[in-house]
Structure formats: structure tokens, C-alpha cells
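Notes to accompany the following structure.
Every number in this text was worked out from the coordinates using simple rules, so none of it is lab data. Bear in mind that the values here come from a model prediction, so they are computed numbers and not experimental data. Because the Cβ atoms are built from the backbone with ideal geometry, glycine has one as well, and the counts that use them run over all protein chains shown.
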Amino acid sequence: MSSTFFWLAALVGIASLAIHAVGGARVYSKAILAAAELPPPAKALSLVTWHCASIMFLSYALAMAIAALRPDAVELAFLAIFMCTATVLVFAVFALRGHTALVRLPGAYLCASIALLGVAGILTA
């Protein structure tokens, strides 16, 4: 049963990657590049950070898929769960500090889903 939850977490990670890297990047990149008030280094750093987040979604998916395939590699699931949970906490802290637009973005919800499915995979192992 645990591999089912790990596979579901991997699928959420791949879906998150697709949403983030394809759909979101088109909208986000256009908005950042068009923002006249941002200096070029801020634009570049923002775009790099965006794509690093996409890489993280891929990493979460790979970690969960490996945990599904190899029960002896469950440590990878723990790492992905930790990173997803930390991401959710960062979203929450900034939202509570007044950046309420973060609540409407899917990143924290996707990371929470991956973490919860990973925990379910560990608990049913």
C-alpha cells in the first residue's frame, strides 16, 4: 500500500512541475519581464528562482518514485516530505506577515499534498 501513496505523491509532483514550468512560467515570465519598475538583476533572480522551484517539484517527484520502487530508499521520501513541509511553512509565514496573495497561489497546496501522501506512504509501509 505504501508504494501507492508514494506513486500518488510522485504524480502530484509531476503535475506540479507541469503546472509550474509550463503554464505558470509563461504567465509569470511575461509579467516579470514587462515590469518596468524592476531592475534587470531582480528580474533575472526572479526568473532563476521560478525555475529552481520547478526543479524542486521534479526532485520531489523523483524522490517519491524512487521510494515507491525501492523500499530501502525511504529516506528520500523523508527528505521530500521535509522540504515540502518547509516550503508550506515559508508560504504560511509570509502570508501571515501580510503577503496574502500567496494564499491564492497553488505552490503551498501542491507541496502539502506531496508531503501528506509521502507521510501516508511511510505510515502504511
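Please give, to one decimal in nm, the separation of the simple spin-label points placed at residue 22 and residue 86, each 7 Å out from Cα toward the Cβ. A separation of 2.9 nm, rounded to one decimal place. Pairs of Cα atoms nearer than 8 Å and 6+ residues apart set the relative contact order; for the stretch 1-73 it is 59 percent.
Determine the shape class of the stretch 36-125: with a ≥ b ≥ c the square roots of the Cα gyration tensor eigenvalues, call it rounded for a/c under 1.5, and otherwise prolate if a/b is greater than b/c, oblate otherwise. Oblate, because a/c is 1.5 or more while a/b does not exceed b/c.
If you put +1 on each Lys and Arg Cβ and -1 on each Asp and Glu Cβ, how big is the dipole of the chain around its Cα centre, in Debye rounded to 20?
On the way: 6 positive and 3 negative charges, 73 e Å.
Using Cβ point charges on Lys, Arg, Asp and Glu, the chain gives about 360 debye.
Between 32, 109, 73, the Cα set farthest toward the positive side of the dipole of the chain (charges on each charged residue's Cβ, about the Cα centre) is that of 32.
Whole-Hz Karplus values for the stretch 69-83 come out as 7, 10, x, 6, 10, 4, 4, 5, 5, 4, 5, 5, 4, 4, 5 Hz, taken residue by residue from phi with 6.51 cos²θ - 1.76 cosθ + 1.60 and θ = phi - 60°; glycine and proline positions read x. Across the chain, C-alpha contacts under 8 Å between residues 6 or more apart give a mean separation that, scaled by the residue count, equals a relative contact order of 43 percent.
For the stretch 60-125, the relative contact order works out to 34 percent when only alpha carbon pairs closer than 8 Å and six or more residues apart are counted. Listed peptides 70-81, 41-52 appear in the order 70-81, 41-52 once ranked by packing, highest mean of other Cβ atoms within 10 Å at the front.
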